[in-house]
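Written below as structure tokens is the structure these notes are about.
Please treat every number below as a calculation from the coordinates, not as lab data. Note that the coordinates shown come from a computational prediction; the quantities given were computed from them, not determined experimentally. So basically every Cβ, Gly included, is an ideal-geometry build from the backbone, and we count neighbours across all protein chains shown.
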Amino acid sequence: MQIQEFIELTKKRRCIRRFKPDPFPDEWLEQMLEAARFAQSGANGQPWEFIVVKDKQTKEKISDLVMESHKYIYDIEKTRLEELRQPAYRGSPDRQGQANVNFKDAPVFIIMCGDPRPVQATVLATHFLPNEGGPYAHFLKGMANATQILTLAAAACGLNSQWVSVNSTIEPRLKMLLDVPWELAIHTIVPIGYPAYNPAPAYRRELSEIVHYEKYDRAKYRSGDDIYNFILKLRQKTIGAYPAWKSKKEGES
């Protein structure tokens, strides 16, 4: 693969909120998992394990748990200005977070499980000295690397995915549902399938805004107002992905 081909693949990878139920070949699934297992991890600890979920009832139970977690998220999200909230948390309280669980129609969920114990492969100082992200960072970064490669592999197969975070309000029940040993953590849920809508082009900051040479260019430093306007811009660009706040371009009510 040439570098330009790789760049195009990274641009093709998108987080999709709604999926078609259409299945895709098992061969693609195996290839995606094969790619993910070669992710980078601290001292090659390889903490990841993958649970493939295709059963409709299990997917619905997982979706219900995620939906329940959004009730807690809304309690926090509603404390800030509405125009800065995630679009899924605007409108009537009984619909909060509903848009974030429309991934249940995806034909496959990949549950990204991680075992923190192999992090012991790293030097002991990792566990005692403050570093980027704290002593748990090596584990989390390894899991994030595997998840990112999985989503890129899905894009290479012509599919889309979503990165669904798992928080403490639902992880214990997800473990019970999927019989995950208590020593392991459930890091992410990754629904994969064909998109049910055409997403807008990906938005990223320009390279000239984020690259510094030799030292930080203070002329590129963003003020508090700049960050506010940036977040507001993000909300305006992503609002069309949520059913309750669709863009006219999609033509849905």
For Cys113, Cys15, order by how many other beta-carbon atoms lie within 10 Å, fewest first:
Cys15, Cys113
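Could you work out [θ]222 nm for the chain from helices alone, using -39500 (n - 2.57) per DSSP H run of at least four and dividing by all its residues? Round to the nearest 500 deg cm²/dmol.
Details: 8 runs with 94 residues, N = 253.
-11500 deg cm²/dmol, from helical runs alone.
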Suppose we flag GluC sites (Glu not before Pro) only when DSSP calls them loop and at most 13 other Cβ atoms lie within 10 Å. Which is the longest uninterrupted stretch of the chain?
1-131
Aspartates and glutamates near Lys71 by alpha-carbon distance under 12 Å, same-chain residues fewer than 8 away left out - which ones?
Asp94
Starting from the stretch 179-235, pick out the chymotrypsin sites (Phe, Trp or Tyr not before Pro) whose DSSP state is loop and whose Cβ has at most 13 other Cβ atoms within 10 Å.
Trp182, Tyr203, Tyr213, Tyr216, Tyr221
Geometric extent, Cα atoms of the stretch 113-159 - Rg, Dmax (angstrom):
13.7, 43
Only loop residues by DSSP count here, and only those with at most 15 other Cβ atoms within 10 Å; note down the chymotrypsin sites (Phe, Trp or Tyr not before Pro) in the stretch 1-65 that meet that.
Phe38
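For the stretch 103-253, report the translational diffusion coefficient in µm²/s to the nearest whole number, using Stokes-Einstein at 20 °C, 1.002 mPa s, and a Kirkwood Rh over Cα pairs. Please list the in-between numbers first.
Numbers: Rh = 19.1 Å.
In µm²/s, the coefficient rounds to 112.
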Report, for the chain, the % of DSSP beta bridges that are antiparallel, rounded to 5.
95
With each pseudo-label sitting 7 Å past Cα toward Cβ, what's the Asp179-Ile7 distance in nm, one decimal?
4.9
Calculated FRET efficiency, Ser208 and Thr58, Cβ-Cβ r, R0 45 Å, to nearest 0.05?
0.45
Taking the Cα centre of the chain as origin, sum charge times position over the Cβ atoms of Lys and Arg (+1) and Asp and Glu (-1), and report the length of that vector in debye to the nearest 20.
820
The answer for the longest stretch of the chain without any exposed trypsin sites (Lys or Arg not before Pro) (DSSP loop, at most 15 further Cβ atoms within 10 Å) is 81-203
Computed over the Cα atoms, what is the radius of gyration of the chain divided by 2.2 N^0.38 Å, N being its residue count?
1.08
